[in-house]
Amino acid sequence: MPELPQTSRGAATYQRILDAATDEFAEHGIAGARIERIVAAARTNKAQLYAYFGDKERLFDAIFLSSLERITNVVPIDADDLADWAVRLYDEYLRRPDLIRLATWTRLERRPDGHLVETREDYHDHKLTAIAEAQAAGRVRAGDPFDIMAMVIAMSMAWSPVSNVYAATGQEPDDVHDRRRALLRDCVRRAAAADGAAPATAADASPAWPPPPPPAGATRRA
């Protein structure tokens, strides 16, 4: 555990180190991050950083675990409305893309398979319990609660900074984000619905694509 500062001045330095290190790790990863750049940005020195955190690995641990706690606290799960939870996660990724980058570096450099963190119970157990209770009440489809949670999180990250298709930013027009939120909400609602089908929405009125073939002998009009 990091050594917490005992004075207000120390607390300010501690926070500057965390902020600078978050930016450094998010951009360069664990191996690529440099303590020299972190202490320069934090306006401190290596001795102070090491006194608080020990070494670069433990500094990253402190930052990464803090990012998980932030997601848990700022975007709490609502198992009765997983679609809304997914949309709130989408918005948090727009506000803090560095959180997703930290998780990605962890996956690339530390844990290429399996669970992302060893202490996953601290971050997932309450979510799994909430999903299981919603399943028992008939509000969420059957299945392993962990798989349901993983599916919803993955859907919320469709436009995240680590998307291999398109990474959204907060600078895009509001109507673009609103369109994605509506699509995400509808898709998660349908995927998590207890009976396998969500209530009809306006999206149901949109034409199917590709359109069905025309009857025999008829020609398709453009």
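Please treat every number below as a calculation from the coordinates, not as lab data. Please read all numbers here as calculations on a predicted model, not as lab measurements. Cβ placement follows ideal geometry from the backbone for every residue including glycine, while neighbour counts extend to all protein chains displayed.
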Quick check on my filter: what residues within the range 153-190 are among the acidic types (Asp, Glu) and surrounded by 11 or more Cβ atoms within 10 Å (Cβ to Cβ)? 172, 186
Of all residues being within 30 Å of residue 137 (Cβ to Cβ), within 10 Å of the chain's Cα centre (by Cα) and not aromatic (Phe, Trp, Tyr) in the range 89-115, which is surrounded by the most Cβ atoms within 10 Å (Cβ to Cβ)? Just the residue, please. 89
Counting only residues that are exposed (fewer than 14 other Cβ atoms within 10 Å of the Cβ) and either not in a helix (DSSP H, G or I) or not hydrophobic (A, V, I, L, M, F, W, C) (or both), how many does the range 127-152 have? 7
Among residues belonging to the range 48-103 that are among the β-branched types (Val, Ile, Thr) and either part of a helix (DSSP H, G or I) or touching a Cys at 6+ places or on another chain (Cβ under 8 Å) (or both), point out the one that is farthest from residue 9 (Cα to Cα). 87
